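Below: one structure, written as structure tokens.
The values are calculated or read from the model by the stated rules, or taken from the named source; none is laboratory data. Remember, it's a predicted structure, so these values are computed and weren't measured experimentally. Virtual Cβ from ideal backbone geometry, glycine too; neighbours counted across all protein chains shown. Accessible surface is based on the protein model in full, side chains and every heavy atom, while ligands, DNA and RNA are left aside. Shrake-Rupley method; radii C 1.70, N 1.55, O 1.52, S 1.80 Å.
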Number of protein chains: 2
Amino acid sequence: MKMSNLYMPTLREVPSDADIMSAQLLLRSGMIRKLVSGVYSFLPLGFRVMKNIEQIVREEMDAHGAQEVLMSAIQPREIWDASNRWENFGPEMFKLKDRHDREFCLGPTHEEYFTFMINNELKSYKQLPLNLYQIQTKYRDERRPRFGLVRAREFIMKDAYTFDTDVEGMEKSYANMATAYTKAFDRMGFKYKVVLGDSGNMGGSISHEYIAITPSGESTIAYCDHCDFAATDEVAPANFKMSSSDTQVLPCEEVHTPNIKTIEELEAFFKIDASQFIKTLLLKKEDDSRIFAVMIPGNRQLSLVKLSKLVDVSEDELLMLAEDEIYPLAGSLLGFAGPIGLKENVEIIADQRVFDIKNAICGANKKDYHLINVNLESNLYKIGADLVQVEANDSCPNCNSPLSIDRGTEVGNIFQLGDKYSKAMNATFLDKDGKAKHFIMGSYGIGISRCVSAVVEQCYDEKGIIWPMAIAPYKVLITIVNIKNELQTQKAFELYESLQKKGISVMIDDRNERAGVKFTDADLIGIPLRVTVGKAIDEGKVEFSKREDCVKEEVQFEEVVSKVSMLINNL
Amino acid sequence: MKMSNLYMPTLREVPSDADIMSAQLLLRSGMIRKLVSGVYSFLPLGFRVMKNIEQIVREEMDAHGAQEVLMSAIQPREIWDASNRWENFGPEMFKLKDRHDREFCLGPTHEEYFTFMINNELKSYKQLPLNLYQIQTKYRDERRPRFGLVRAREFIMKDAYTFDTDVEGMEKSYANMATAYTKAFDRMGFKYKVVLGDSGNMGGSISHEYIAITPSGESTIAYCDHCDFAATDEVAPANFKMSSSDTQVLPCEEVHTPNIKTIEELEAFFKIDASQFIKTLLLKKEDDSRIFAVMIPGNRQLSLVKLSKLVDVSEDELLMLAEDEIYPLAGSLLGFAGPIGLKENVEIIADQRVFDIKNAICGANKKDYHLINVNLESNLYKIGADLVQVEANDSCPNCNSPLSIDRGTEVGNIFQLGDKYSKAMNATFLDKDGKAKHFIMGSYGIGISRCVSAVVEQCYDEKGIIWPMAIAPYKVLITIVNIKNELQTQKAFELYESLQKKGISVMIDDRNERAGVKFTDADLIGIPLRVTVGKAIDEGKVEFSKREDCVKEEVQFEEVVSKVSMLINNL
């Protein structure tokens, strides 16, 4: 590709709404463009990266026995009614009507579709197991699209569905897909962790997530360095010891705590550790139908996901109360709420551990007052065994070693669905014994476009992107320092053609631009190998460097092709 | 691919709603499936065919300097308002709203999108010309989806857009794309014609269509065997001589024609040629706002497209009047309408040629009566130079030779858009002289999924599909006659692996089925080359045949690989 022709509208400024590094770099390097919130276009270089990722995924899916198909994005309401997800999927589902007022959605996922299709076609256990996948555009009308390609409303996904005769078969299919995923992500060249996941609205039991480790990631994962435990914070239990020096129960008292609201202020005021406090958080369901007061140990953070499961309200719909909503309920302002004396319509919920705090301190539901020596009776409250976020050094649930915490972006997930969808849609096959049985299913996703971001989040420096070889838009960039110099241009194109003949994807910067502009762009777009043809060509030499370390070395012109080939083959 | 694993749900019955041969065969062979009207899925074999077509198109686009990108399918209303097509596109456009009630459509095409994007990025004439393309899912809510993949509501299209500084540049880009199209369609292996097209709601002036010749096709094309004229019937003029033996104008009379309605009945009754009659057709605009009486020579058929342009009502909205609607207008029943004595609200329109008919015969607007010796005065009517369908043997507009007529399916189109979109959206670049000028654009489409159908319409026999080598899902099918025979199975797999090693795509029928079932399926799915490993393997021989002629020959096992390789390389 000649850069004089390439459509690569780089930006010198960081776009104001690019909220993470990968979005900034992909926009600045002219690889993607935003149309509207959460809707992106792929320009030539970005498109090539995505295709490379697609191809890696395709090869691994094919190698693991999955067959590629392509379903439509629009799906009729009826198949979603069958699984009850037309109503339950919520506002994330884009819905539309055709000219005859028939209702459709833009598929956010395809469990229903595949189950429906298979049910009409596949009759016998002899045709099982079956593994079908597609690489296709998905739609989710995110409440808050953000992080560039990470949380987009239209995005490219690889989704696969397996059909087995029994749970044992499904577990095999699941293990097979897990292997394929590991191989695919290994090839893409970024760091990730496989963690136990939450099944969310997919249903089913066991699931795993593939989390690319990125500081900006929306997911928090906990993992153990001593055993193989790893899970998202949504499912990782927060196991920690409650230390209490008190043994004797003391009488409860009200204490004047003027303007002392936060845990930090309380620690200073009472000269006592945060773990001695009971933090009471007030939340509501978005539609105002329910109000919750949640008690947790003062030194921990509430896990919305864990609360969400306990009270059966989706995480999205759980909102913290605003200051003006608290007063009528708790008779106080923010910072003085507590479990005692709340209005009757408030559902009081407690993390099990608060009952271990002897002589605890909590808000008095009265401005500028706290209660001390509080000893709650556990039978008065709805109790969650674990309602707080997992933290570093909590105990591993498997081996009790201290856990580590990291942040990341979910790039893949795999679900053991069992018969959730086949039962709901009454999708059956005839088993060996001639009886109709429900398919036992699995479903498996990889966020193809999201992977583009995940890679960049890990692979960049202050000058720009550093693409891993396997997914780079081009593997080599030849820069002609001065296109008016005939020898430089001639030799550069000679090299360009030699590399092309070897089947190596190569760009040549033949633009009529200053060398500085070319080098800046080269750093920004992050092609792994770079050959600069400048003055040294008079002595038969060119400059060679790798984007990852930018160490320059002089190389004989004749040796470049073999050097480049070797490096590419080794990676 | 082992057929024991392949998902290929063939059907023995012809699906009742498969209205053309390609739809029947693609459904029966388990290559595609219908979800709802006009919405299809591609199963493994069909998907491979489509990918092969995609790849041919991609290679030719790349070879002709186009750069691949990928835009979103959802597009905000605003960019369509700018070109006025949000309202004008009509009910074919799928529209939807997001959770914030913002309006979007599912892109039926992407002229607006590309113009909008370029305008924000490309500033200088130095960056032109530019040619961008994508292979992407498009949406059109067809009034009547039909013909399988041909007129679907969700379909895969390659669309390209060129941007030039001036008309001359656009014409060059257009010619370049025309070459790419010819190469791509040539490679796919079906017969097609390039014809002058109608620009429809794309705007612009010159356009060409690529029509695959198919008897079931919706398009009619007229072409000249003596020069290079070829056009759709929408634009091909119907040039024909009106012969009239009468010279003297005779007085008009009413004649009793009891129950004589059709042109055929009138010809028999008056013993005179159809060309002496004036046919009067009554139509209305769908919303009842206008009524038309259209006079054409009795021996010709009305062209709705030509009428549509004259009266500026879309073809879809022009409906023939029903019998009960005619009476109050024409005071008569079907068959007796004529230009004289119609109600005032009827717009009377005439094909120019009716004035050449001396002493013509037409309906009297009175049951069982016609008028003879009608000589119309042309200044009383709205006149269209040509309102009838072109027919075989009409004169070529270039060289006057007789035209030929064929039917076909539009698989590609190219449009010279000029500044229609860039002007509407005020998309400009700075020219050499530093002045802002509108981009001069072209747009170019290939119906990728439609091509799958077009090929099958041409390439089949009574037993099934006959894929051209270039796009076949697999090039070779090895059939094991009896999988319980160890030697047959062992040798067949040996061959399978040898071909795979050569990079040849190959299927092996290793299913535990009767040989008859296997051969029937093989004929149906149409793999070009077939090797059958049966009893003759005991003597070291296999049976070889091509799907196109099904001529069987015995071949030494050792020679198969080289024979197959040779045939594939030659095609």
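Some notes on this structure:
- Matching entry among B:GLY442, B:GLY412, B:GLY363, B:GLY384 (being more than 35 Å from the chain's Cα centre (by Cα) and on the phi < 0 side of the Ramachandran plot): B:GLY363
- Any hit, segment A:447-465, residues being buried (at least 20 other Cβ atoms within 10 Å of the Cβ), free of Cβ contacts under 8 Å to residues at least 40 places away in the same chain and outside the structural domain of A:GLU78 (by TED's automatic domain parsing): no
- For segment A:252-268, the criterion of being open to solvent by less than 60 Å² (accessible area, probe 1.4 Å), among the hydrophobic types (A, V, I, L, M, F, W, C) and under 34 Å from the mean Cα position of the chain (by Cα) is met by at least one residue.
- The one condition in (1) among the hydrophobic types (A, V, I, L, M, F, W, C); (2) open to solvent by less than 20 Å² (accessible area, probe 1.4 Å); (3) not assigned by TED's automatic domain parsing to the domain that holds B:TYR369 that B:MET242 fails to fulfil: (2)
- Residue pairs whose Cβ atoms lie under 8 Å apart, sitting 6 or more positions apart in sequence or on different chains, and linking a residue in segment B:98-117 that is in contact (Cβ under 8 Å) with a residue 12 or more places away in the chain and in the same structural domain as B:ASN84 (by TED's automatic domain parsing) to a partner that is part of a helix (DSSP H, G or I) and among the small types (Gly, Ala, Ser), are B:GLU112/B:ALA82; B:THR115/B:SER422; B:PHE116/B:ALA82.
- Considering only residues in segment A:112-124 that are within 10 Å of chain B (Cβ to nearest Cβ) and either open to solvent by 20 Å² or more (accessible area, probe 1.4 Å) or among the hydroxyl-bearing types (Ser, Thr, Tyr) (or both), the one that is nearest to B:TYR40 (Cα to Cα) turns out to be A:TYR113.
- Condition check for A:LYS435: over 28 Å from the mean Cα position of the chain (by Cα), closer than 30 Å to A:TYR139 by Cα and of a type outside the set (A, V, I, L, M, F, W, C): no
- In segment B:346-384, the residues that are open to solvent by 50 Å² or more (accessible area, probe 1.4 Å) and either of a type in the set (Lys, Arg) or modelled with pLDDT under 85 (or both): B:LYS358, B:LYS366, B:LYS367, B:GLU377, B:SER378, B:ASN379, B:LEU380, B:LYS382
- The lone exception for A:ILE221 - which of (1) open to solvent by less than 20 Å² (accessible area, probe 1.4 Å); (2) aliphatic (A, V, I, L, M); (3) not assigned by TED's automatic domain parsing to the domain that holds A:VAL150 it fails: (3)
- Some residue of segment B:412-434 being more than 27 Å from B:MET177 (Cα to Cα) and not assigned by TED's automatic domain parsing to the domain that holds B:ILE326: yes
- Condition met for B:ASP186 (free of Cβ contacts under 8 Å to residues at least 24 places away in the same chain and open to solvent by 50 Å² or more (accessible area, probe 1.4 Å)): yes
- Considering the conditions (1) more than 30 Å from A:VAL452 (Cα to Cα); (2) in contact with a helix residue (DSSP H, G or I) (Cβ under 9 Å, 6 or more places away or on another chain); (3) within 13 Å of chain B (Cβ to nearest Cβ), A:ASP164 is excluded by exactly one of them, (3).
- Residue match in segment B:351-373 (condition: out of contact with any Phe, Trp or Tyr (no Cβ under 8 Å at 6 or more places or on another chain), more than 23 Å from B:LEU266 (Cβ to Cβ) and assigned by TED's automatic domain parsing to the domain that holds B:GLY298): no
- Residue pairs meeting the criteria (Cβ under 8 Å; at least 6 apart or on separate chains; first open to solvent by 30 Å² or more (accessible area, probe 1.4 Å) and in a loop (DSSP other than H, G, I, E, B), in segment B:280-293; second at pLDDT 90 or above and of a type in the set (Asp, Glu)): B:ARG290/B:GLU347
- Residue count, segment B:238-264 (criterion: at pLDDT below 90 and charged (D, E, K, R)): 4
- Qualifying residue in segment B:433-447 (condition: in contact with a strand residue (DSSP E or B) (Cβ under 8 Å, 6 or more places away or on another chain) and under 24 Å from B:PRO9 (Cα atoms)): no
- Check on A:GLN127, closer than 15 Å to B:SER72 by Cα, touching a residue at least 12 places away in the same chain (Cβ under 8 Å), surrounded by fewer than 20 Cβ atoms within 10 Å (Cβ to Cβ) and at the interface with chain B (Cβ under 10 Å from one of its Cβ atoms): no
- In the set (1) more than 30 Å from A:ILE156 (Cβ to Cβ); (2) touching a helix residue (DSSP H, G or I) at 6+ places or on another chain (Cβ under 7 Å); (3) within 14 Å of chain A (Cβ to nearest Cβ), the condition left unmet by B:PHE190 is number (3).
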